[in-house]
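Participant: If you scroll down you'll find the structure; I have some questions about it.
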Amino acid sequence: MKIINVVGARPNFMKIAPIVEAMNAHSDKIQHLLVHTGQHYDNQMSQSFFDDLGISKPDVNLGVGSGSHAEQTAQIMVAFEKICLKEKPDLVVVVGDVNSTMACTITAKKLGIKVAHVEAGLRSRDMSMPEEINRLCTDVLCDYLFATDHFAIENLMNEGVSKDRIFFVGNVMIDTLYRFKDKAEKQNMPQKLGLQPRQYATITLHRPSNVDDPEILSGILEAFSQIARDIPLIFPLHPRTKKNAEIFGLSHYFSNSFEKGLIRVMEPMGYLEFLSLNMHAKMVLTDSGGLQEETTILGVPCVTIRPNTERPITCEVGTNYMVGNDPQKILETAAKIMNGVQIKGGIPEKWDGKAAQRIVEYLLKTKQISQSEMR
Ligand code: UD1
């Protein structure tokens, strides 16, 4: 069975790592190639994850880079079509919800190649999110839909997807977290930054809805700076956020050291370094999808600066608070956490570090089924 695994942007790397490892364990039955679209290309946004997670160099890098959604998607499709025609895979595996995920799905399906989507069925119901459009287009086309939780399965069933395309496998991002937790611990990031465990908080913020509008971004940064009067805040800046904060004249909220009322900004961090910080944080303030899941497993409160989530399981059983981007709500929730309000934190079903293994087992089974159907 010849498989092309696709990655493009930062959160994809953590998701593909355990899948590649699980495929390597079946090298007698699976031949696989890794294609990087090049959607993310800076060392800290891409290569550092390969180094941290021990993923071998992509077999192909399409080198597509940044652009508008249409430009980026189109360029990925043109470049990926050539690879599919040359390699003739039996299956393409896509992960997550970035532009690369959708672009490669459409390309492969139009060539009659089967496609599997890992992290299928997540829905925010927010069509202003480019990721929601990517998720819908990807899932409607994919042959195998690997779901992380019961909400995802219900979403797919409600959209009329037949049961035999849906596989409940758990969460590959969490496979990676379990696999690298001890290694991350050894990074000692809090100590390196002179911080005490549970006496600092981390931030990530990069969604267009939060960082592309000057008023919204300034409101959020003002809330952060008030929180920074009580607790040090560390903010590895996404390039989009950095660029916009400069254009909007908001860089005065930032500092390169810990100062009361200012946010300590840093370059985007590697996976292990950031995990090392997050596992000992008092709370994480974020608009990321993956961090809502990681904090649930780490038992660290997560203040999600979004009006909705495609990952409601993290609120149902995990440590996630949805607060939107209203500065007052961000402040109130952070204050609650600072005052020690406990939230129950459980672990979602099948988030046990074995999701990738289950995916590969299903793929091997489906291959056997389709071969016997052909005979
Ligand atoms: C993308 C994903 C988002 C994911 C995020 C993780 C889509 C639609 N969005 O958003 O779901 O959560 O990645 O980071 O696929 N840039 C650099 N260096 C890089 C990459 C990007 O400087 O290596 C800058 C460029 O100015 C670029 C901007 O960041 O235009 C945005 O990059 P892009 O990949 O288009 O979207 P993200 O905001 O990173």
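Participant: In Å³ and rounded to a whole number, note down the convex hull volume per residue for the Cα atoms of the stretch 1-157. Provide the component values of the computation, followed by the final result.
Facilitator: Values: hull volume 17.4 nm³, N = 157.
Considering the Cα atoms of the stretch 1-157, their hull volume per residue is 111 Å³.
Participant: Let me ask you something else. If R₀ is 22 angstrom, what is the calculated FRET efficiency for the pair residue 240 and residue 126, using the beta carbon separation as r and rounding to 0.05?
Facilitator: 0.75
Participant: At 37 °C and 0.692 mPa s, what whole-number value in µm²/s does Stokes-Einstein give for the translational diffusion of the stretch 180-338, with Rh from the Kirkwood sum over Cα pairs? Before the final figure, lay out each step's value.
Facilitator: Numbers: Rh = 15.5 Å.
Estimated via Stokes-Einstein, D reaches 212 µm²/s.
Participant: Which pairs in the list 57/114; 57/282; 181/329 are over 26 Å apart, alpha-carbon to alpha-carbon? Show your work: numbers first, answer last.
Facilitator: Details: 57/114 24 Å; 57/282 36 Å; 181/329 32 Å.
Over 26 Å apart, Cα to Cα: 57/282; 181/329.
Participant: Through the Karplus equation 6.51 cos²θ - 1.76 cosθ + 1.60, θ set to phi - 60°, convert the phi angles of the stretch 59-73 into ³J(HN,Hα) values in whole Hz; use x for Gly and Pro.
Facilitator: 5, 9, 10, 6, x, 6, x, 7, x, 5, 4, 5, 4, 4, 4
Participant: Using the C-alpha atoms of the stretch 245-375, what convex hull volume per residue, in cubic angstrom, is computed? Show your work: numbers first, answer last.
Facilitator: On the way: hull volume 23.3 nm³, N = 131.
For the stretch 245-375, the hull spanned by Cα atoms encloses 178 Å³ per residue.
Participant: Amide H of residue 168: which non-local residues (sequence gap of 5 or more, or other chain) have their own amide H closer than 5 Å, using H built in the peptide plane?
Facilitator: Counting only residues 5 or more places away or on other chains, the set is 147.
Participant: With only alpha-carbon pairs counted, each pair once and no self-pairs, how large is the Kirkwood hydrodynamic radius of the stretch 87-153 in angstroms?
Facilitator: Working: mean 1/r = 0.0846 Å⁻¹.
Final number for the Kirkwood radius of the stretch 87-153 is 11.8 Å.
Participant: Next up: For the stretch 1-40, list log₁₀ I(q)/I(0) at each q in 0.22, 0.32 Å⁻¹, using the Debye formula over Cα point scatterers of equal strength and ignoring solvent, two decimals each.
Facilitator: Taking Cα atoms of the stretch 1-40 as identical point scatterers yields -0.67, -1.07.
Participant: Give me a comma-separated list of calculated 3J(HN,Hα) values for the stretch 330-342, in order, Karplus coefficients 6.51, -1.76, 1.60 applied at θ = phi - 60°, integers in Hz, x for any Gly or Pro.
Facilitator: Couplings: 4, 5, 4, 5, 4, 4, 4, 5, 4, 7, x, 4, 8 Hz.
Participant: In Å, what Kirkwood hydrodynamic radius results for the chain from the alpha-carbon pair distances? Walk me through the numbers before you get to the answer.
Facilitator: Numbers: mean 1/r = 0.0473 Å⁻¹.
Kirkwood radius, the chain: 21.1 Å.
Participant: Then there's this: Which percent of Cα pairs goes in each bin when the distances of the stretch 101-195 are cut into 10 angstrom slices starting at zero?
Facilitator: All Cα pairs considered, the percentages come to 15, 36, 25, 16, 8, 1.
Participant: Here's something else I'd like to know. Convert each backbone phi in the stretch 125-141 into a coupling constant with the Karplus relation 6.51 cos²θ - 1.76 cosθ + 1.60 (shift: θ = phi - 60°), then list the ³J(HN,Hα) values in order as whole Hz, x for Gly and Pro.
Facilitator: Ordered by residue, 3J(HN,Hα) equals 6, 10, 6, 7, 8, x, 5, 5, 5, 4, 5, 4, 5, 5, 5, 5, 8 Hz.
Participant: Given the pairs 88/110; 2/82; 82/163, which span a C-alpha to C-alpha distance of over 21 angstrom in this model?
Facilitator: On the way: 88/110 13 Å; 2/82 16 Å; 82/163 33 Å.
Cα-Cα > 21 Å for 82/163; rest within.
Participant: Would you pull out the residues with amide H under 5 Å of residue 32's amide H, same chain only if 5 or more places away, H placed 1.01 Å from N?
Facilitator: So residue 32 has HN proximity to 3.
Participant: Mind jotting down the distance between the C-alpha centroids of the stretch 68-120 and the stretch 201-225, whole Å?
Facilitator: 32 Å
Participant: On to the next question. What are the aspartates and glutamates whose alpha-carbon lies under 14 Å from the alpha-carbon of residue 243, with same-chain residues fewer than 8 places away excluded?
Facilitator: In chain and number order, the partners are 212, 213, 267.
Participant: On to the next question. Kindly provide the helix-only [θ] at 222 nm of the chain, computed as the sum of -39,500 (n - 2.57) over DSSP H runs of four or more divided by all residues, to the nearest 500 deg cm²/dmol? Present the calculation step by step, with values, prior to reporting the outcome.
Facilitator: Details: 16 runs with 172 residues, N = 375.
Dividing the helical sum by the residues of the chain leaves -14000 deg cm²/dmol.
Participant: Under the classification rounded if a/c is under 1.5, otherwise prolate if a/b is larger than b/c and oblate if not, where does the stretch 198-249 fall, given a ≥ b ≥ c as square roots of the Cα gyration tensor eigenvalues?
Facilitator: Values: a/c = 2.35, a/b = 1.69, b/c = 1.39.
The shape class here is prolate.
Participant: For the stretch 180-338, with only Lys/Arg (+1) and Asp/Glu (-1) charged at the beta-carbon, what is the dipole magnitude about the Cα centre, in debye rounded to 20? Display every interim value, and only then the final one.
Facilitator: Numbers: 17 positive and 18 negative charges, 86 e Å.
Rounded to the nearest 20 debye, it is 420 debye.
Participant: Within the stretch 253-296, find all residues whose amide N lies under 16 Å from a label point positioned 7 Å from the Cα of residue 316 along Cα-to-beta-carbon.
Facilitator: 293, 296
Participant: Same structure again: Quickly rank 31-42, 124-135, 318-329 as a protection proxy: mean count of other C-beta atoms within 10 Å, highest first. It would help to have the intermediate numbers written out before the result.
Facilitator: Details: 31-42: 21.4, 124-135: 16.3, 318-329: 19.2.
Ranked by mean Cβ neighbours within 10 Å, highest first: 31-42, 318-329, 124-135.
Participant: List the aspartates and glutamates whose Cα sits under 19 Å from the Cα of residue 186, skipping any in the same chain fewer than 8 residues away.
Facilitator: In chain and number order, the partners are 51, 52, 175, 273, 294.
Participant: On to the next question. Find how much the distance from residue 342 to residue 158 grows on full extension, using 0.36 nm per residue of separation minus their present alpha carbon separation; answer in nm with one decimal. Intermediate values should be presented prior to the final figure.
Facilitator: Details: separation 184, 0.36 × 184 = 66.24 nm, distance 3.45 nm.
Difference between extended and current length: 62.8 nm.
Participant: Follow-up question, since we're still on this one. If each residue of separation counts as 0.36 nm, what is the full-extension length gain between residue 329 and residue 259 once their alpha-carbon separation is subtracted?
Facilitator: Numbers: separation 70, 0.36 × 70 = 25.20 nm, distance 2.35 nm.
Length gained, residue 329 through residue 259: 22.8 nm.
Rule-based calculations on the coordinates, nothing more; no lab input. Please read these numbers as outputs of a predicted model, since none were measured by experiment. Glycine gets a Cβ as well: all are built from the backbone with ideal geometry, and neighbour counts include every protein chain shown.
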